[in-house]
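Scroll down for the structure; my scribbles are underneath it.
The values are calculated or read from the model by the stated rules, or taken from the named source; none is laboratory data. Computed from a predicted structure; not experimentally measured. Neighbour counts run over all protein chains shown; Cβ positions are idealised from the backbone, glycine included. Just the protein is used for accessible areas: all its heavy atoms, side chains included, with ligands, DNA and RNA removed. Shrake-Rupley method; radii C 1.70, N 1.55, O 1.52, S 1.80 Å.
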Amino acid sequence: MSKTETPDLNIERDVGNFHYDTTYEFDAGVGLSEATIDYIADVKGEDEWVREFRKKALKVFNDKPLPTHWASRDLENIDYTKIRYYLSKGQRPSRSWDEVPDEIKETFERLGIPEKERAYLAGVEAQFDSEASYSNMKEELSKQGVIFVGSTEGLKEHPEIFRKWFGKVIPIGDNKFSALNSAVFSGGSFIYVPPGVKVKQPLQAYFRINAENFGQFERTLIIADEGAEITYMEGCTAPKFETSTLHSAVVELVALKGAKIQYITVQNWSENVFNLVTKRGLAMEGAEVKWIDCNIGSRLTMKYPGVIMRGEGARGEVLSIALAHDNQHQDTGAKMIHAASNTTSNIISKSISIGQGRATYRGVVAMPKHLKNCKNNTECDALLINTNSRTDTYPAITVRGNRNTVQHEASVSKVSAEQIFYMMQRGLSEGEAMSLSVNGFVNDLIREFPMEYSVELKRLIDLEMEGSVG
Amino acid sequence: MSELVIKNLNVSIGDRPILKDFSLTIPKGEVHALMGPNGTGKSTLAKALSGHEDYEITSGEVLLDGENIVGMEADGISRSGLFMAFQYPSEIPGVTIANFIRAALTARLEEGQNFSAPAYYKELYQHMDELKIDRSFTSRAVNEGFSGGEKKRCEILQMAMLKPKYAVMDETDSGLDIDALRIVAEGVNRMRGPDLGVLVITHYQRLLDYIVPDKVHVMWDGRIVKTGGPELARELESRGYDWVKEELAEPVA
């Protein structure tokens, strides 16, 4: 029962379909070579170890074949020679709203994040192309010792904290796209929460792509020290362009003993975006890592948030919603690697396929022989709207050892014509009836979201469904 | 013009004609009962009036307070003021009753109008109490796992909240025990008044003991063949439909 009125975030997909002509102070040009990497490292003034890390990654990226033996062959359509790997206005992350350039403010405006919501957005880091253009941390956070910076600043100013875990949860060679990100990463958030600090309000970042053929390779690393707690929210919209845009992020989470990290993504890419993201969390003894992941839009999304439960009593959770329209393929899932006894994991995945849209679930649940009392619960529900839609489920479950339990449930359902008629007879348009049905399908998951995100997500679903009837 | 006028309505399902020059006028403020055996087209009438796309209106008019609603989409017809209480209400998984009715009301708001949540809940609870629907049902998904009686009471609840000008109740009595029947009938009776016209479709006299109609129509083979007062329903109850059939066989002027 939704009695509470919620603040209007008003982040709508159609208003994301625009871009501004922006002149970039630093532009690495198109194509990818060692020179590109030197350019990026020079502009950023990076330490030598970072430059070496990038170069090593470039080699791995070039050597690794595309994973097309299991993944979509659409990946072959990405032309790496036509992508710009680094663009920047040479901005330092802004600390106050007044320092934010006008056209960027305008972007926020179009995204429905008006200036008057500054107070609400305090503590928000929003990325405009490569560099964090707005970064304002509430004073109380810094008082608590929380570090919330961009990736460049993180590696430069706080190597003693971040270097230890950087590239460790997701090594360079994890997959071809983690290697690409490791070579050319820029932007993203680096966060450290000191022991016992529980960050009350969620930290947020909004990412946008604003240049044609510009791949966005943000890099995020969040470390919650012992007993610390943090929620991070990421929302994405991208302007529409005719040629393909590549987004390939790497997000690493480290939850030390007893820590809790919750990472929430609502993603709404335009339908020319390849969204190839690697996300993984490490949960030590008694720690908890929870991914909430919503994928709407994009041409191809491949994303399988994972949790490695390395300490006893650790807990991993992935709640995901994917919505695939015509010409869209949401290839998503979860990986739960149980690496200690008494660990539990939970996966709830809901997908909606509309028209020719295609949703694929891939899951990995691993419990090796020497462990005991590990538990996993997996639920995959698919909703088909229109007979042409396609949905596939590929669960890979490896369970050995004693007293480990795994439960897997899958369901496929359809929105029936009679249900839509019933709703229309009450005065809802066909689009509204569809939206409400889809919202009903994902409702129990959306309840897990912070209020403002659930509102935003419902609005995105409404917009998606409006265009899908006719 | 405050009436629902159905004029020479012809309706087919596929190639099969079901309603044949069906005509009926329901003035606002009146309750009419439409009776008749299975397969004479009663439910077809309800679906066709509501704009269901499987029911093709080949000719005729339906004037709702003067506005022809033939050819309108189901949602437009609903917003024009025609409500149908379904014989078999659909389940809407995950959508709560409170949210569903709220969405239906919001769809009726005109530009500049705002939805008042406190007033909404006040009214919703009042109707729920009257219909003896537990308040916890607001957070239950529409019709999901409901008993027959709960579903029908939920239909009446929606009708009470949406305040239509005309309501078509398609065999609302089917699947109801006597207590539920009484609750549903009382709900309808509370709404009776100068602003509402009702067409009650039923097989049985039973419901009409509680919702006493102003007029009773008997339907046969796609059209109305006999019209009378409440006593006609009682006559049908005691004599069955065969005598209507026999009467029909005789030459009528």
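Dipole magnitude of the range A:237-375 about its Cα centre, charges +1 at Lys/Arg Cβ and -1 at Asp/Glu Cβ only, in debye to the nearest 20?
440 debye
For the B and A pair, go ahead and give the buried accessible area with a 1.4 Å probe, both sides summed, in Å² to 100.
Protein heavy atoms only, the B-A interface buries about 2400 Å².
At a Förster distance of 45 Å, what's the computed FRET efficiency of B:Ser12 paired with A:Leu66, Cβ-Cβ distance as r, to 0.05?
0.20
When a/c is below 1.5 the answer is rounded, else prolate if a/b is larger than b/c, else oblate, so apply that to the range B:1-133 with a ≥ b ≥ c taken from the square roots of the Cα gyration tensor eigenvalues.
prolate
Taking a label point 7 Å from the Cα of B:Asp65 along the Cα→Cβ vector, which residues of the range B:184-204 have an amide N closer than 12 Å to it?
Output list for this probe position: B:195-197.
Just to make sure I understand: if all protein chains stay in place, what is the order of A:Trp49, B:Trp243 by accessible area at 1.4 Å, largest first?
Putting A:Trp49, B:Trp243 in descending order of accessible area: A:Trp49, B:Trp243.
At a 1.4 Å probe, what is the % contribution of carbon and sulfur to the accessible area of the range A:388-445?
46 percent
Please calculate the 1.4 Å probe accessible area of B:Glu73, with all protein chains present, and give it to the nearest 10 Å².
120 Å²
May I ask you to list the lysines whose Cα is less than 21 Å away from that of B:Lys132, ignoring any residue fewer than eight positions away on the same chain?
Counting by Cα, and skipping residues close in sequence, B:Lys132 has these lysines nearby: B:Lys122, B:Lys151, B:Lys152, B:Lys163.
If I model a spin label at A:Asn327 and A:Thr81 as a point 7 Å from the Cα along the Cα→Cβ vector, what separation in nanometres do I get?
Each label point lies 7 Å from its Cα, and together they span 2.5 nm.
Using 7 Å Cα-to-Cβ label points, what is the A:Arg73/A:Glu48 separation (nm, one decimal)?
That separation, rounded to one decimal, is 4.7 nm.
Output needed for the range B:120-253: three equivalent-ellipsoid semi-axes, defined as square roots of 5 times the C-alpha gyration tensor eigenvalues, in descending order, whole Å.
That gives 33, 15, 12 Å for the three semi-axes.
I'd like the accessible area for A:Val169: 1.4 Å probe, protein heavy atoms, all chains in place, Å² to the nearest 10.
Number for this one is 10 Å².
Given 37 °C and 0.692 mPa s, compute D for the range B:3-249 with the Stokes-Einstein relation, Rh being the Kirkwood radius over Cα pairs; round to the nearest whole µm²/s.
In µm²/s, the coefficient rounds to 176.
Report, in cubic angstrom per residue, the convex hull volume of the C-alpha atoms of the range B:112-198.
Per residue, the Cα convex hull of the range B:112-198 comes to 115 Å³.
For B:Lys20 and B:Leu248 in the same chain, what is the full-extension length gain: residue separation times 0.36 nm, less their Cα-Cα distance, in nm?
Gain in length upon complete extension: 80.5 nm.
Assign one of three labels to the range A:136-192, namely rounded, prolate or oblate, based on the Cα gyration tensor with a ≥ b ≥ c the square roots of its eigenvalues; rounded applies when a/c is under 1.5, prolate when it is not and a/b is larger than b/c, and oblate otherwise.
Cα axes put the range A:136-192 in the prolate bin.
In the range B:85-100, whose amide N lies under 12 Å from the spot 7 Å out along Cα-to-Cβ of B:Glu130? List them in ranges.
Output list for this probe position: empty.
For the range A:399-445 and the range A:285-361, what is the centre-to-centre distance using only Cα atoms, to the nearest Å?
One Cα centre to the other: 18 Å.
When only DSSP loop residues count, what GluC sites (Glu not before Pro) in the range B:80-176 have their Cβ near at most 11 other Cβ atoms within 10 Å?
Here the GluC sites (Glu not before Pro) that fit, given the DSSP loop and packing criteria, are B:Glu110, B:Glu111.
Just how far, in whole angstrom, is the range B:1-72 from the range A:157-186 if you go by their alpha carbon centroids?
68 Å
Can you tell me the FRET efficiency between A:Asp444 and A:Lys55 if r is taken as the Cβ-Cβ distance and R0 is 45 Å, rounded to the nearest 0.05?
0.45
Mind scanning B:Lys7/B:Lys245; A:Lys164/A:Lys335; A:Lys257/A:Lys279; A:Lys82/A:Lys168; A:Lys176/A:Lys458 and naming the pairs with a C-alpha gap bigger than 27 Å?
Beyond 27 Å: A:Lys82/A:Lys168; A:Lys176/A:Lys458.
Classify the range A:306-391 as rounded, prolate or oblate from the Cα gyration tensor: take a ≥ b ≥ c as the square roots of its eigenvalues, call it rounded if a/c is under 1.5, otherwise prolate when a/b beats b/c and oblate if not.
prolate
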